[in-house]
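See below for the structure under consideration.
Each value in this text was obtained by applying a stated rule to the coordinates, not by laboratory testing. This is a predicted model, so every value here is computed, not measured. Here the Cβ is made from the backbone with ideal geometry for all residues, glycine too, and neighbour counts use every protein chain on show.
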Amino acid sequence: MSEHYYSRKPSTESNPAKWQIELKGNSFRFKTDNGVFSKKEVDFGSRLLIDTFELNKAGGLILDVGCGYGPIGLSLAKAFPEVMVHMVDVNERAIMLAEENASENKVTNVKIYESDRLTGVEEKEFDAILTNPPIRAGKKVVHDIFEQSFLHLAEGGELWVVIQKKQGAPSAMEKMKELFGEVDIAAKSKGYFILKSVKC
């Protein structure tokens with residue numbers, strides 16, 4: 001496979017689509033396109049992560065790693081207006097769409113920027129980091145995200161991950177336990193696991 005949504009510059013021809021959805025009690029209108037993850041709908045795993053996530057600190061900082069066109073980060077920013085949400089992706093087309101979708105849905109408490117994993121993220125005191133990791137990019141990339149997330153979390157900060165059992169949930173749990181000392185299954189449904197670890 002020569003290209004996927006983890007490519008920095010998708011070469012697939014642009015063919016935008018727009019649709020509406022309700023997430024975390026708010027209505028959204030999203031613009032999506034070829035070359036980004038889950039173009040036609042918010043995928044089940046992301047929705048499960050959005051629904052399961054609980055804010056552990058009012059007025060804190062959240063990071064959405066691999067934000068795509070923005071469903072996770074924007075839905076949380078709208079649900080928790082007192083929080084600043086950073087949203088990053090390696091895919092330039094995804095970043096442009098996330099910025100458009102933030103504007104379209106009048107979400108202002110976000111910072112959206114390009115980053116390969118967390119290499120472009122300067123903030124080191126996030127209260128929560130969420131990711132629907134790019135499984136197709138390989139285990140090393142996924143585990144890099146976990147390792148870098150640990151370094152960018154504040155004390156007591158939480159890493160939230162959605163992953164399918166058949167796409168590496170057991171090894172993800174093992175890696176998170178190695179880094180954080182513990183990992184909890186916050187939810188599971190239809191083969192998807194929501195994993196949570198706390199930095200102590």
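Matching residues to (1) closer than 19 Å to Gly59 by Cα; (2) crowded, with 17+ Cβ neighbours inside 10 Å; (3) in contact with a helix residue (DSSP H, G or I) (Cβ under 8 Å, 6 or more places away or on another chain):
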residue: Glu99; (1), (2), (3): no, no, no
residue: Val107; (1), (2), (3): yes, yes, yes
residue: Tyr113; (1), (2), (3): no, no, yes
residue: Val121; (1), (2), (3): no, yes, yes
residue: Ile129; (1), (2), (3): yes, yes, yes
residue: His152; (1), (2), (3): yes, yes, no
residue: Leu159; (1), (2), (3): yes, yes, yes
residue: Lys166; (1), (2), (3): no, no, no
residue: Ala169; (1), (2), (3): no, yes, no
Collect the residues in region 45-63 that are in a helix (DSSP H, G or I) and either in contact with a strand residue (DSSP E or B) (Cβ under 6 Å, 6 or more places away or on another chain) or under 22 Å from Val90 (Cα atoms) (or both), keeping them in residue-number order. Gly45, Ser46, Arg47, Leu48, Leu49, Ile50, Thr52
Working only within region 43-88, note down all residues that are in contact with a Lys or Arg (Cβ under 6 Å, 6 or more places away or on another chain) and of a type in the set (A, V, I, L, M, F, W, C). Ile50, Ala79
